Amino acid sequence: MSGNEYVKFMTEQFTAYIDTPAEEKKLRRTQNKTEPPVYSTKWLGVLPFAFKLLFKKT
């Protein structure tokens with residue numbers, strides 16, 4: 001992605017967020033808090049660290 005495309009994408013995302021009503025933002029936040037986390041994303045940070053320790057010990 002070139003620099004101009006990235007800036008365009010970020011601008012679109014920012015304006016879409018700003019244009020959403022406050023009630024919808026609040027609903028989204030409460031919904032995200034109540035949903036359980038996905039374990040693949042939760043453990044993604046731990047797995048590379050575990051592999052690093054495993055290879056370091058051997």
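Every number in this text was worked out from the coordinates using simple rules, so none of it is lab data. Bear in mind that the values here come from a model prediction, so they are computed numbers and not experimental data.
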Task: Largest-first principal axis extents of the Cα set of the stretch 3-57 (Å) - done: 52, 36, 10
Task: Count of Lys pairs (Cα-Cα under 28 Å; at least 8 positions apart or interchain) in the stretch 3-57 - done: 9
